[in-house]
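Undergrad: First, the structure itself, so that you have it in front of you.
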Amino acid sequence: MAFQFEQPLQLKHIQLKNRVIRSATHSFLPDADGYLTEAEYAMYEELAAHDVGTILTGHCCVDPLGRANPEQANIYRDEFGPQFERAVEICHKYDAKFIPEISHAGPRAVDNDDLADVTDRPLKKNHHARMLTVDEIHQIEQNFIAAAVRLQKAGVDGVQLHAAHSYLLSRFIDPYFNTRTDAYGGSAENRFRMTENIIRGIKEACGEAFPVLIKINSDTKAEDEESYEQDVIWILHRCVELGVELVELSGADFINVPKDSRLYYLPIAKRYKEAVPEMPMSLVGGIRSAEEMEQVLASGIDAVSLSRALIAEPDFVTKQIAGGKPSICVSCCRCFVLPHMHEGVRCIWAWKAIRAAQKRKKAEGSTK
């Protein structure tokens, strides 16, 4: 049986070998200096070898003041660029595309005592963020553009802007965070201005044919969800005009979605696709089987993005093609805490297998 997700997807300037995307997922594998490790390269190879047609990296930091995690790949200086060449080579060996996601953490940054946000606001743990100045916004825009130039020199297949999950670009887009009254606040056009300036800058510096993708939240924590939905439709139309290759739709609060929920962003994603059919879109969230991947594509969405299912089973797609069972992932989100407890371990099922092997070894030793 041939699945629709196995079919190639032609975008404006790039063809994907199938419709399965590894959504940008923080791996906890880069070293403390921001360099990719052997474990990171091995992860990319395992994914590419198992039918993941497009691999988005975990978010790569474009600014030393905007680093989200102590174990995050950096791309804010020229010396960080060449490390991506090997990852490109690995993925291309399997005809998979390799696209780094670039990001600024905003007030979620680590190792930064001068936290800044869209607007002045109190943060958790008695911290406080001041409002970014317009000059600082312009500098961050330039940092994103410079990061894309470095990555293009490394041979990547494009970049994705992280404008979701409460990172800086998403905070400008979302009225829940953005209450500015200048050119970067108010209307959807103003709130999207920072992201648009980055897209335009990348296109100017890297050429119109260099693919730019975006991840955005399909929903908001703000009370006026209907107004936000209309804003996203405006943004999607704008992305078409700007030559964005693909928009990946995620959500503002996926961690707190009930564990047994599936395809929780599909209803709103369908409305976006119906409103802006010319914008290629991918959906991430609660996709755990071939049947669900096919359901997303049957709705008109162009591709499926997988995250936790590939953490639990890097060979998930290959298994689905062969008629395998749905993902073993139970959406427990332990993958966000396990790496801090057990280095190199992301999935609770992997940790249980390790513990079982340790117990067997101990039992075997006690019988000798």
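Undergrad: Would you calculate the volume per residue, in Å³, of the smallest convex hull containing every Cα atom of region 152-193?
TA: Per-residue hull volume (Cα only) is 87 Å³.
Undergrad: Inverting the mean 1/r over all pairs of different Cα atoms, compute the Kirkwood radius of the chain and quote it in Å. Provide the component values of the computation, followed by the final result.
TA: Numbers: mean 1/r = 0.0476 Å⁻¹.
Result for the chain stands at 21.0 Å.
Undergrad: Per residue, how large is the accessible surface of region 253-348? Use a 1.4 angstrom probe and give square angstrom.
TA: For region 253-348, the per-residue accessible area is 43 Å².
Undergrad: Related question: Among 218, 7, 50, whose Cα projects farthest towards the positive end of the dipole of the chain, with charges put on the beta-carbon of Lys, Arg (+1) and Asp, Glu (-1)?
TA: 50
Undergrad: Sticking with this structure for a sec: If you find the alpha carbon centre of region 234-296 and of region 131-176, how far apart are they in angstrom?
TA: 21
Undergrad: Identify all aspartates and glutamates with a Cα-Cα distance to residue 153 below 16 Å; exclude those on the same chain that are fewer than 8 residues away in sequence.
TA: Qualifying aspartates and glutamates at Cα under 16 Å: 78, 79, 85, 89, 101, 204, 208.
Undergrad: Right, next: Which of the peptides 170-180, 227-237, 297-307 is most tightly packed, and how do the rest follow, judged by the mean count of other Cβ atoms within 10 Å per residue?
TA: 170-180, 297-307, 227-237
Undergrad: Looking at region 27-104, which trypsin sites (Lys or Arg not before Pro) are DSSP coil and have at most 11 other C-beta atoms within 10 Å of their C-beta?
TA: 93
Undergrad: Projecting each Cα onto the charge dipole of region 210-331 (Lys/Arg +1, Asp/Glu -1 at the beta carbon, about the Cα centre), which of 317, 276, 239 comes out farthest on the positive side?
TA: The listed residue farthest towards the positive side: 317.
Undergrad: With an 8 Å Cα cut-off and a minimum separation of 6 or more residues, compute the relative contact order for region 198-333 in percent.
TA: 21 percent.
Undergrad: Does region 300-368 come out rounded, prolate or oblate by the C-alpha gyration tensor, with a ≥ b ≥ c the root eigenvalues, rounded set by a/c under 1.5 and, if not, prolate when a/b is larger than b/c and oblate if not?
TA: Cα axes put region 300-368 in the oblate bin.
Undergrad: With labels modelled as points extended 7 Å from the Cα through the Cβ direction, what inter-label distance (nm, one decimal) is found for residue 357 paired with residue 208?
TA: If labels sit at residue 357 and residue 208, their model points lie 5.3 nm apart.
Undergrad: Here's another thing I want to ask about it. In debye, nearest 20: dipole of region 206-271 around its Cα centre with unit charges on the Cβ of K, R (+) and D, E (-)?
TA: So the dipole magnitude of region 206-271 works out to roughly 300 debye.
Undergrad: Moving to a separate point now. Rounded to two decimals, what is the ratio between the C-alpha radius of gyration of region 1-52 and 2.2 N^0.38 Å?
TA: Working it through for region 1-52, the quotient is 1.45.
Undergrad: What part of the accessible area of region 52-160, given as a whole %, is carbon or sulfur when the probe is 1.4 angstrom?
TA: Here carbon and sulfur together make up 49 percent of the probe-accessible area.
Undergrad: Using Cα pairs under 8 angstrom and six or more residues apart, how large is the relative contact order of the chain, in percent?
TA: In percent, rounded to a whole number, it is 15.
Undergrad: Please give me, ordered by residue number, the trypsin sites (Lys or Arg not before Pro) of region 214-288 that lie in loop per DSSP and have at most 15 other Cβ atoms within 10 Å.
TA: Those that pass, being in a loop and sparsely packed, are 221, 259.
Undergrad: Next question, about the same structure. Percent antiparallel among DSSP beta bridges with both residues in the chain, to the nearest 5?
TA: Counting only bridges with both partners in the chain, antiparallel ones make up about 10 percent.
Undergrad: Just the number, please: carbon plus sulfur as a percent of the accessible area of region 299-368, 1.4 Å probe, no ligands or DNA/RNA counted.
TA: 58
Undergrad: Defining a contact as two alpha carbons under 8 Å apart and six or more residues distant in sequence, what relative contact order in percent does region 70-184 show?
TA: Reported as a whole number, the value is 34 percent.
Undergrad: What are the semi-axes of the equivalent ellipsoid of region 86-134, taken as the square roots of 5 times the eigenvalues of the Cα gyration tensor, listed largest first and rounded to whole Å?
TA: 37, 11, 8
Undergrad: Could you work out the pair-distance distribution P(r) of region 147-222 from its alpha-carbon pairs, with 5 angstrom bin width and percents rounded to whole numbers?
TA: 3, 16, 25, 20, 16, 11, 7, 2
Undergrad: Another one. In Å, what Kirkwood hydrodynamic radius results for region 209-324 from the alpha-carbon pair distances?
TA: When all Cα pairs of region 209-324 are included, the Kirkwood radius is 14.9 Å.
Undergrad: How large is the Kirkwood hydrodynamic radius of region 1-94, in angstrom, based on all distinct alpha carbon pairs? Show your work: numbers first, answer last.
TA: Working: mean 1/r = 0.0697 Å⁻¹.
Result for region 1-94 stands at 14.4 Å.
Undergrad: Moving on to the next point. Provide the per residue accessible area, probe 1.4 Å, for region 108-244, rounded to a whole number of square angstrom. Show your work: numbers first, answer last.
TA: Values: 5990 Å² over 137 residues.
With all protein chains present, region 108-244 gives 44 Å² per residue.
Undergrad: Given the pairs 215/325; 125/352; 319/352; 12/325; 270/352; 93/352, which are separated by over 27 angstrom at their Cα positions?
TA: Numbers: 215/325 29 Å; 125/352 33 Å; 319/352 21 Å; 12/325 34 Å; 270/352 38 Å; 93/352 33 Å.
In this structure, 215/325; 125/352; 12/325; 270/352; 93/352 exceed 27 Å between Cα atoms.
Undergrad: Once neighbouring chains are kept in place and the probe is 1.4 Å, which whole percent of the accessible area of region 173-288 is contributed by carbon and sulfur?
TA: After summing per-atom areas, the C and S share lands at 46 percent.
Undergrad: Follow-up. Please identify the GluC sites (Glu not before Pro) of region 239-281 that satisfy two criteria: DSSP loop assignment and at most 15 other Cβ atoms within 10 Å. Which are they?
TA: Values: sites: 241, 245, 248, 274, 278; in loops: 245, 278.
Taking region 239-281 and a limit of 15 other Cβ atoms within 10 Å, the loop GluC sites (Glu not before Pro) found are 278.
Undergrad: OK, next. Which three numbers, in whole Å and largest first, are the semi-axes of the equivalent ellipsoid of region 134-271 derived from its Cα gyration tensor as √(5λ)?
TA: Taking √(5λ) for each Cα gyration eigenvalue gives 25, 19, 13 Å.
The values are calculated or read from the model by the stated rules, or taken from the named source; none is laboratory data. Please read these numbers as outputs of a predicted model, since none were measured by experiment. Because the Cβ atoms are built from the backbone with ideal geometry, glycine has one as well, and the counts that use them run over all protein chains shown. Just the protein is used for accessible areas: all its heavy atoms, side chains included, with ligands, DNA and RNA removed. Shrake-Rupley method; radii C 1.70, N 1.55, O 1.52, S 1.80 Å.
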